[in-house]
């Protein structure tokens, strides 16, 4: 007779919003968990109605339902890592922070979702302040894009020295390991250069060739989700970040055509990275 071990499969959870077109948010996270051979669960905080042209409507999940999702998952599963995505307002952030500290979902990867990769703000000021106070100190890894890092560190980040100093500032705010993702928005980009500062003080740069494409939806989600998946499998933070960088690069480099305008990255290609 075959004996099955309960919760033998590695599990991770994304605490995020759902994008109806599947390109970003929770769907991208679940794609990333799947290609990482990790069983992914989704704890819903919000939902948007949208497509490749943009977002048409949004809905925030009631707080009691968010709490119940935490309780339901914790009562049954052995979740080894978690990541956050869109946390829409102060109340959602408080609820997620409080609930996360009451369960054992493993290390937390925080994808800030403060602004787009082009610099457009996604978070109101009150929520931004709450994010700094409640969410950043919980982060095992935080993965701000260039504009998010600029705002969080209150620095231009125009030189490597400023980026290094900015990463130290983020550690001082409570995050253990920092990835400041490089610029995507300038026309003369040759490479995308990410700076990594680890909890032990060691640091390094990760560089990949810049690819001109509008098929980049879900890039940040996927990057942070792959890190979470690798941590769930017991990988080191450094290796998890390196793997995530490669997966995202390959997923962008081998585009798929979905939608008329801004499309998703290709997780099938990333699976082979």
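Could you tell me which of the residues 176, 151, 181, 134 is farther than 21 Å from residue 242 by Cβ, touching a strand residue (DSSP E or B) at 6+ places or on another chain (Cβ under 9 Å) and in contact (Cβ under 8 Å) with a residue 24 or more places away in the chain?
Being farther than 21 Å from residue 242 by Cβ, touching a strand residue (DSSP E or B) at 6+ places or on another chain (Cβ under 9 Å) and in contact (Cβ under 8 Å) with a residue 24 or more places away in the chain holds for just one of 176, 151, 181, 134, which is 151.
Conditions first: (1) out of contact with any helix residue (DSSP H, G or I) (no Cβ under 7 Å at 6 or more places or on another chain); (2) over 25 Å from residue 202 (Cβ atoms); (3) surrounded by fewer than 23 Cβ atoms within 10 Å (Cβ to Cβ). Residue 100 passes all but one, so which condition is the exception?
Of everything listed in (1) out of contact with any helix residue (DSSP H, G or I) (no Cβ under 7 Å at 6 or more places or on another chain); (2) over 25 Å from residue 202 (Cβ atoms); (3) surrounded by fewer than 23 Cβ atoms within 10 Å (Cβ to Cβ), residue 100 misses just condition (1).
Enumerate the helices (runs of 4 or more DSSP H) found wholly within region 19-107, keeping only those where 3 or more residues are over 14 Å from the mean Cα position of the chain (by Cα) and touching a residue at least 12 places away in the same chain (Cβ under 8 Å).
Ranges flagged: 63-74, 90-100.
Having 3 or more residues that are within 21 Å of residue 151 (Cα to Cα) and at pLDDT 95 or above is the bar; report the strands (runs of 3 or more DSSP E) wholly within region 166-273 that clear it.
177-180, 191-197
The values are calculated or read from the model by the stated rules, or taken from the named source; none is laboratory data. Keep in mind that this is a model prediction, so the values were computed, not measured. Glycine also receives a Cβ, built like all others from the backbone with ideal geometry; neighbour counts cover every protein chain displayed.
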